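A.B. asks: Attaching a single structure in structure tokens format; questions to follow.
Read-outs: derived from the displayed coordinates by stated rules, not from any lab. All values derive from a computational prediction rather than experimental measurement. Cβ placement follows ideal geometry from the backbone for every residue including glycine, while neighbour counts extend to all protein chains displayed.
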Amino acid sequence: MEVVILPGSKQIGKLAAAAIEELLRKKPEAVLGLATGSSPLPVYDELAARHSRGGLDFSRAHAFALDEYVGLEHGHPESYREVIRREFTSRVNIDETNVHTPDGAAEDLPAACRSYEDALQAAGGVDLQLLGVGTDGHIGFNEPGSSLASRTRIKSLIEQTRRDNARFFPGLAAVPHHVVTQGLGTIMEARHVVLVATGARKAPAVRDFVEGPVSAFCPASILQFHPHATILLDEAAASSLKLADFYRHTYEHKPAWQGL
Ligand code: F6R
């Protein structure tokens with residue numbers, strides 16, 4: 001796990017976007033794993049800017065979202081399919097037929113989850129997965145207690161997550177109770193994971209998953225087993241880390257050829 005502490009979300013957006021740009025230049029048909037929520041927005045802004053400025057080309061890229069609410073009709077503005085379209089894919093030249101989200105409105109949800117896993121496999125797996133982290137340590141919508149080997153499936157949201165996400169809805173009552181999410185086992189198969197966390201509210205979760213024990217109680221801690229996990233933090237999110245100075249020193253002296 002590489003922990004990189006940066007002054008703010010602008011610098012985080014630039015660094016993550018640079019890694020995605022490098023990937024797409026090497027592999028134009030790369031498969032990107034997309035997250036929703038607030039954390040990845042500076043990355044999407046920077047990618048959109050690089051696309052319009054320098055022609056960063058997404059025309060052959062593929063994208064898979066991490067998760068989707070259950071019970072919102074297709075086209076609902078807060079469905080993750082719409083959020084991904086609004087915040088990112090409509091701002092670059094990715095072919096919309098190459099953008100996939102789990103189908104939270106399917107009649108047969110277990111079958112929809114299986115076909116999502118199949119589609120991921122058929123695309124060759126995720127090259128770079130963007131992640132945020134919940135205040136309870138979730139990634140995707142794998143809440144505490146999720147199996148560390150889980151695959152895409154239906155899950156219940158914990159009340160803390162429903163309250164955290166109520167800002168996107170008219171009120172708490174409108175936040176769905178159920179979601180479909182890639183499992184922790186699914187996420188762990190991505191070749192590179194880049195997790196973004198900003199703000200003091202994330203500091204306890206960051207401390208727990210970076211420096212605490214690996215445990216289903218803190219789902220993001222599974223990333224300690226990932227061979228290529230990059231954790232991008234602002235100063236506030238990093239404020240409870242014991243080894244913050246060591247992470248800073250390591251990044252400052254990192255050989256340039258290593259990249260991210
Ligand atoms: C969203 C997702 C979630 C969020 C997490 C943090 O697709 O999978 O794990 O990344 O809830 O959300 P924000 O970034 O809004 O704090």
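A.B. asks: Quick one: if the Förster radius is 45 Å, what FRET efficiency do residue 249 and residue 160 give, using the C-beta to C-beta distance and rounding to 0.05?
C.D. replies: The formula returns an efficiency of 0.85 here.
A.B. asks: Follow-up. Sort the following peptides by mean Cβ neighbour count (other Cβ atoms within 10 Å, averaged over residues), highest first: 160-171, 16-27. Don't skip to the answer; put the middle values down first.
C.D. replies: Details: 160-171: 14.0, 16-27: 17.4.
Answer by packing, highest mean first, reads 16-27, 160-171.
A.B. asks: While we're here: Could you calculate the contour length gain from residue 215 to residue 76, that is, 0.36 nm times the residue separation minus the distance between their Cα atoms, to one decimal place in nm? Kindly include the intermediate steps, with their values, before the conclusion.
C.D. replies: Values: separation 139, 0.36 × 139 = 50.04 nm, distance 3.46 nm.
Taking 0.36 nm per residue and subtracting the Cα distance, the gain is 46.6 nm.
A.B. asks: Between residue 93 and residue 26, with labels modelled 7 Å along Cα→Cβ, what's the label distance in nm to one decimal, could you check?
C.D. replies: 2.3
A.B. asks: Under 19 Å Cα-Cα from residue 14, which lysines qualify once same-chain neighbours fewer than 8 residues away are excluded?
C.D. replies: Straight-distance partners of residue 14: 26, 254.
A.B. asks: Could you sort 99-111, 35-47 so that the peptide with the highest average Cβ count within 10 Å comes first and the rest follow in order? Before the final figure, lay out the partial values.
C.D. replies: Details: 99-111: 17.5, 35-47: 21.8.
The most tightly packed comes first, giving 35-47, 99-111.
A.B. asks: What's the magnitude of the charge dipole for the chain around its Cα centre, counting Lys and Arg as +1 and Asp and Glu as -1 at the beta-carbon? Answer in Debye, nearest 20. Could the numbers behind the result be given before it?
C.D. replies: Details: 26 positive and 32 negative charges, 110 e Å.
Here the chain has a charge dipole of around 520 debye.
A.B. asks: Further question on the same structure: Nearest 0.05, what FRET efficiency do residue 52 and residue 115 give at R0 = 30 Å with Cβ-Cβ as r? The partial results should precede the final answer.
C.D. replies: Working: r = 34 Å, r/R0 = 1.14.
The value I calculate is 0.30.
A.B. asks: Can you sort 69, 247 by how many other beta carbons sit within 10 Å, fewest first?
C.D. replies: Details: 69 25, 247 19.
In increasing order of surrounding Cβ atoms, one gets 247, 69.
A.B. asks: For region 151-260, rounded, prolate or oblate, judged on the Cα gyration tensor with a ≥ b ≥ c (square roots of eigenvalues), a/c < 1.5 rounded, else prolate if a/b > b/c? Each step should come with its number before you reach the end.
C.D. replies: Values: a/c = 2.24, a/b = 1.57, b/c = 1.43.
Prolate shape, in that a/c is at least 1.5 and a/b is the bigger ratio.
A.B. asks: Per residue of region 163-174, in order, report the coupling 6.51 cos²θ - 1.76 cosθ + 1.60 (Karplus, θ = phi - 60°) as ³J(HN,Hα) in whole Hz, putting x for Gly and Pro.
C.D. replies: 5, 4, 8, 4, 4, 8, 10, x, x, 4, 4, 7
A.B. asks: Efficiency by 1/(1 + (r/R0)^6): what FRET value for residue 174 and residue 59, r their Cβ-Cβ distance, R0 = 41 Å, to the nearest 0.05?
C.D. replies: On the way: r = 37 Å, r/R0 = 0.89.
Calculated value: 0.65.
A.B. asks: Would region 2-252 count as rounded, prolate or oblate if I go by the C-alpha gyration tensor, calling it rounded below 1.5 in a/c and otherwise prolate when a/b exceeds b/c, oblate otherwise? Working shown, then result.
C.D. replies: Working: a/c = 1.43, a/b = 1.09, b/c = 1.32.
Note, shape of region 2-252 comes out rounded.
A.B. asks: Packing-wise, with mean Cβ within 10 Å as the measure, how do 180-190, 204-214 rank, highest first?
C.D. replies: Details: 180-190: 23.9, 204-214: 19.5.
Put in order of decreasing packing, that is 180-190, 204-214.
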